Amino acid sequence: MWWRSGAGSLTEVRWAIAATALFAAGGVAQLADAPPWLWWTLYLACYAAGGWDPGLSGLKALRDKTLDVDLLMVVAAIGAAAIGQVFDGALLIVIFATSGALEAVATKRTEDSVRGLLDLTPDQATRIDDSGGEEVVAAADLRLGDVILVRPGERVGADGRVAAGASDVDQASITGESMPVDKQVGDEVFAGTLNGTGALRVHVTRPASETVIARIVAMVEQASATKARTQLFIEKVEQRYSVVMVAATVALFAIPLALGQNLQESLLRAMTFMIVASPCAVVLATMPPLLAAIATAGRHGVLVKSAVVMEQLADVTHVAFDKTGTLTEGRPHLAHLRPMPDPATTPEGGSASGPGSEADRLLALAAAAEQGSEHPLGRAIVSAAHHQGLRLPAATDFASLPGRGVRAHVDGQVVEIGSPAHLLDETAPGDAERARAVVAELEDDGHSAVLMLLDGRPAAVLGLADRMRPDADQVVAHLTSLTGAGPVLLTGDNPRAAARVAEQAGITDVRAGLLPEDKVTAVRELQQHQARVALVGDGVNDAPALATAHAGIAMGRAGADLTLDAADAVITRDELNTVPAVLALARRARRLVIVNLVIAGTFIAVLVAWDLLGDLPLPLGVAGHEGSTVIVGLNGLRLLRNAAWRRAAATTVATPTRRQT
């Protein structure tokens, strides 16, 4: 959760809460006609609780010859108390203490997120020495040319190439691929990826400081630092406003005094100016709509980490999606089962999606053989059989063959299920040719093909694929209508699988086979064309691009820790249709901010002009100032209603919008 900030920001939150409580107690005491010393004491305690930190920061900034608005508001509050308006001064303190606490919490970047990513890489690795012996060494001590042993179920200790052995490796943390990848001699493996059922000897090709996962950490830190520099413009505005306001207040006090006006009148006019010109209404013009939108989005499953992020979401012009776990469910499902024709008895045909005794029989045999497997594809086959209510016969002599598949005896037949590339080499040429045609057809359609042999002959080809989320196409259509540009698909998966999902979702701009740095490059390419990109992803491999994007949105249910911390917003319920809803809500919040700024600016301009050109009574000035504050505050809080989310979540697209890339 974004609330888990460092000790410093938590202290600011506590002081802001204390200041608010003291202010409320003082107001109650004043309304109840308590002795003045009591509510004055409570208000002054509010000053101390909420004003000491911004006041101290302002004095430090003044020592460096800069003037910020925090110090200005503390001075305004003290000035208000000096002329008897202690309530107004306390209100200023509460507003700015609360604002400062929210900013401190919202802008935190914890080192825990980076540490969580580094935990993916094992601290130790088994190195093979020149004599063939094994020694356990620190992963950071591995050098180019070392050979390490990666046993089944272990994480790979370094980037390298397979020198011996075969296995399936889950590298979703790096590439985002939903399916484990078969690795053989010569194939590249990455540090932090999870080895499957076979043992591998890996020739180290990169030192620990240059692994893909180490580069991910560096890119997240770099992108986060770059994003923080966007606050410089706000600091410049604060500085100029503070200088102008202080100069105007001093002039308004000193010039009439020099011209013979008495001290009390000069001070009263200057303090009135300080109060009516203070930006309380301006602050409330911005924060309530954004914070109300954050609260409303949070109730509906979207955690937006700060008001700054809500503003960034309102500016989004392009949306980019990761594929696995974002547009799709992130796990394989059996999509097709193609029985191989037996020239003597069986006609070609059959599919897992339709009834058929032969297809059902083969699926039951395959699931029986896979029941002892821990491979994700095997679990998908078993799940499909259970879903169809098939009875699974008993399997004996089960064996898992690393890099090949599984073998078992079922109903008196030898059932083998595994990689077509390996199993077809052991079958008759004619059978192999027919099976290769079916395998090629399924793979061209974006499926992972698995071959099933019965007693050494091809019996079926099973096509497995990651299933698209049911509302993905509606989300894409809504985003296209909302932003005027079609979403982009950025994925580490293979082009065929990416193209299949993109076609189903209605996405035309597809970029596949991307490593984490490639996703960052793709986001930056869009930004070079003035696009403000919101990236939606879920894996560690998405973290650098999430941090680089104008707004990063993470799928929270299965998202990695670093991904959740690098993202600006988190979809806690994994509901993809909340993406266009939160963008629409952010745009409405921005419109309310603009309306509120107009209201606040008009009040300030009228009251300041009245004070400068006429004779503005202090009570009327305070009433106008506080009135504008109440108006903009209540206007912003309209977004707290559930109707605001329902309006934002409306997904009706009146007319198709031409997709752009």
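What tally of residues in the range 508-549 results from selecting those that are in a loop (DSSP other than H, G, I, E, B) and under 17 Å from the mean Cα position of the chain (by Cα)?
4
To keep it simple, each residue is scored yes or no on (1) small (Gly, Ala, Ser); (2) surrounded by 24 or more Cβ atoms within 10 Å (Cβ to Cβ); (3) touching a Leu at 6+ places or on another chain (Cβ under 9 Å); (4) not assigned by TED's automatic domain parsing to the domain that holds residue 87.
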site: 289; (1), (2), (3), (4): no, yes, yes, yes
site: 298; (1), (2), (3), (4): yes, no, no, yes
site: 314; (1), (2), (3), (4): yes, no, yes, yes
site: 337; (1), (2), (3), (4): no, yes, yes, yes
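For the range 75-100: of the residues being surrounded by fewer than 24 Cβ atoms within 10 Å (Cβ to Cβ) and farther than 24 Å from residue 36 by Cβ, which is modelled with the highest pLDDT?
98
Hey, among 554, 543, 584, which residue is touching a Leu at 6+ places or on another chain (Cβ under 7 Å), without any contact (Cβ under 8 Å) to a residue 60 or more places away in the chain and small (Gly, Ala, Ser)?
554
Condition test on residue 230, is it among the hydroxyl-bearing types (Ser, Thr, Tyr) and modelled with pLDDT of 75 or more?
no
Criterion first (modelled with pLDDT of 90 or more, surrounded by 21 or more Cβ atoms within 10 Å (Cβ to Cβ) and in the same structural domain as residue 323 (by TED's automatic domain parsing)) does residue 461 satisfy it?
In short, no.
Assess whether residue 249 counts as being hydroxyl-bearing (Ser, Thr, Tyr), closer than 30 Å to residue 527 by Cβ, modelled with pLDDT of 80 or more and not in a loop (DSSP other than H, G, I, E, B).
no
Taking the range 274-311, which residues are in a helix (DSSP H, G or I) and among the polar types (S, T, N, Q)?
Once the filter is applied, which keeps residues that are in a helix (DSSP H, G or I) and among the polar types (S, T, N, Q), the range 274-311 yields 286, 296.
Please indicate, with yes or no, whether at least one residue in the range 432-444 is touching a residue at least 24 places away in the same chain (Cβ under 8 Å), surrounded by fewer than 23 Cβ atoms within 10 Å (Cβ to Cβ), in the same structural domain as residue 334 (by TED's automatic domain parsing) and not in a helix (DSSP H, G or I).
No, the conditions are met nowhere in the range 432-444.
Select from the range 548-580 the residues that are among the small types (Gly, Ala, Ser) and closer than 13 Å to residue 319 by Cβ and write down the one among them that is modelled with the lowest pLDDT. Walk me through how you get there before you give the answer.
Within the range 548-580, the subset among the small types (Gly, Ala, Ser) is 549, 551-552, 554, 556, 558-560, 566-567, 569.
So of that shortlist, the ones also closer than 13 Å to residue 319 by Cβ come out as 549, 551-552, 569.
Details: 549: 90, 551: 90, 552: 89, 569: 84.
In this case the residue turns out to be 569.
Within the bounds of the range 466-481, is there any residue that is in contact (Cβ under 8 Å) with a residue 40 or more places away in the chain, closer than 16 Å to residue 443 by Cα and not β-branched (Val, Ile, Thr)?
Yes, some residue in the range 466-481 is in contact (Cβ under 8 Å) with a residue 40 or more places away in the chain, closer than 16 Å to residue 443 by Cα and not β-branched (Val, Ile, Thr).
Residue by residue through the range 124-135, note down the ones that are farther than 14 Å from residue 203 by Cα and within 37 Å of the chain's Cα centre (by Cα).
Result: 124, single match.
Please go through the range 482-511 and pick out each residue that is free of Cβ contacts under 8 Å to residues at least 40 places away in the same chain and in contact with a Pro (Cβ under 8 Å, 6 or more places away or on another chain).
510
Take the conditions at pLDDT below 70, farther than 18 Å from residue 186 by Cα and not basic (Lys, Arg) and apply them to residue 118. Does it pass? Please lay out each step first, then the result.
Details: at pLDDT below 70: yes; farther than 18 Å from residue 186 by Cα: yes; not basic (Lys, Arg): yes.
For residue 118, the condition - at pLDDT below 70, farther than 18 Å from residue 186 by Cα and not basic (Lys, Arg) - is met.
What tally of residues in the range 312-336 results from selecting those that are in a helix (DSSP H, G or I), more than 15 Å from the chain's Cα centre (by Cα) and not small (Gly, Ala, Ser)?
0
Of all residues in the range 37-51, which are of a type in the set (Phe, Trp, Tyr) and more than 14 Å from residue 89 (Cβ to Cβ)?
If the condition is that a residue be of a type in the set (Phe, Trp, Tyr) and more than 14 Å from residue 89 (Cβ to Cβ), then 37 is the only one that fits.
Looking only at the range 363-389, count every residue that is under 16 Å from residue 410 (Cβ atoms) and either at pLDDT below 85 or hydroxyl-bearing (Ser, Thr, Tyr) (or both) and tell me the total.
Residues that pass the stated criteria total 2.
Going through the range 122-150 one residue at a time, which ones are of a type in the set (Ser, Thr, Tyr) and farther than 20 Å from residue 162 by Cβ?
Selection gives 131 alone.
Within the range 464-487, can you find the residues that are in contact with a His (Cβ under 7 Å, 6 or more places away or on another chain) and under 22 Å from residue 526 (Cβ atoms)?
483, 485, listed by residue number.
The values are calculated or read from the model by the stated rules, or taken from the named source; none is laboratory data. As the structure is a prediction and not an experimental result, all values here were calculated from the model. Neighbour counts run over all protein chains shown; Cβ positions are idealised from the backbone, glycine included.
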